[in-house]
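This report refers to the structure that appears directly beneath it.
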Amino acid sequence: MSLNEIITWTEEKNNESEQEDLEVPLFEFALIAHATDHFSNHKKLGEGGFGPVYKGTLPDGHEIAVKRLSRTSGQGLKEFKNEVILCAKLQHRNLVKVLGCCIEEDEKLLIYEFMANKSLDFFLFDSAQSKLLDWPKRFYIINGIARGLLYLHQDSRLRIIHRDLKPSNILLDNEMNPKISDFGLARMCGDDQIEGKSSKVAGTHGYMAPEYAFDGIFSIKSDVFSFGILLLEIVSGKKNNGLSYPNHEHNLIGHAWKMWKEGNPMQLIDASLEDSCILSEVLRCIHIGLLCVQHHPNDRPSMASVVVMLSNENVLPQPKEPRFLLETVSAKGAFYFGNQTPSSINEVTISMLNAR
């Protein structure tokens, strides 16, 4: 056997081994290429940190979404495999369902169910689209996300920490059922493992818990922090990051606390909810959101507690004054934490933390 034949045989065996480990159905590249009109721009749904996502239609008429790993994404392969393996083990109505994958030569594709109503951020932060999300729909979405996170943290075969919970990773189906997606950064923990530590911080600006952003420590409570941000965004229709408010420099957390402390939490509520909001539910969600974004992880509730708090009217504990994340982003999209080296994956984030 020549050297070239040995190399080819080795590559084929490695490729077969990769596919055997993924535990999901395998699709042929030609089939997916045909389904997406050869990945044409008019089929493109969006683009994440590791590559574009396309809408496709299989020969039987079944609609799919296809994530195509960018060939130039040096760090994307590990996250892609991580997402495939994790999603193969996860089954819940509030998690996006992976249908299979494709690994052929340089192509790495993830095929999952198509979500007709795109993602939550498409509705939430658009002045026209947000009017389609009345309070009953928003409260339904909040509860669905909470149940999905509870499954990841407690009810799945392994404890899963998502690490990148944000509106663009909440997909909505035909009936506006929320489904948590994008498990590329997720981590599995054993039943007795409370937290983990990462040498490289990865996540999204405005949603990372302070202990993770600064020390690389992640746990189920760092997901709870992200859920708290998400909850406040759903109530207010405003983004946490990049906001400025008259008369003060707070982000959404700071603004929510200011309104709460002054006895005016109603001012936080999205104006488009005026005719549909159930005030007691909305105020309860603001209260829960503030509990979730507490600075110390031990002060945050578990998702099991959050689900209970959302579903009954028992008296809630009072939140402590949170510490507000002040945002400083460099022109190159890098950030620094003390003496740590800079990072520039798709997780532009915070550089200071002050109490007010």
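The values are calculated or read from the model by the stated rules, or taken from the named source; none is laboratory data. Predicted model, so just to flag it, every value in this text is computed and none were measured. Note that each Cβ is placed from the backbone with ideal geometry, even for glycine, and that neighbours are counted across all protein chains shown.
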Look through region 272-302, keep the residues that are free of Cβ contacts under 8 Å to residues at least 24 places away in the same chain and in a helix (DSSP H, G or I), and return whichever of them is surrounded by the fewest Cβ atoms within 10 Å (Cβ to Cβ).
-> Leu279
Please indicate, with yes or no, whether at least one residue in region 201-215 is surrounded by fewer than 17 Cβ atoms within 10 Å (Cβ to Cβ) and at pLDDT below 95.
-> yes
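Determine, yes or no, whether Leu152 is touching a His at 6+ places or on another chain (Cβ under 9 Å), of a type in the set (A, V, I, L, M, F, W, C) and over 24 Å from Ala35 (Cβ atoms).
yes
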Would you please name the residue that is farthest from Lys67 (Cα to Cα), looking only at residues in region 168-184 that are touching a helix residue (DSSP H, G or I) at 6+ places or on another chain (Cβ under 6 Å) and at pLDDT below 95?
-> Ser168
Matching option when the condition is more than 21 Å from Met115 (Cβ to Cβ), modelled with pLDDT of 95 or more and either buried (at least 17 other Cβ atoms within 10 Å of the Cβ) or out of contact with any Gly (no Cβ under 7 Å at 6 or more places or on another chain) (or both), among His38, His42 = His38
Within region 309-320, the count of residues that are under 19 Å from Lys261 (Cβ atoms) and either surrounded by 14 or more Cβ atoms within 10 Å (Cβ to Cβ) or of a type in the set (Lys, Arg) (or both) comes to 3
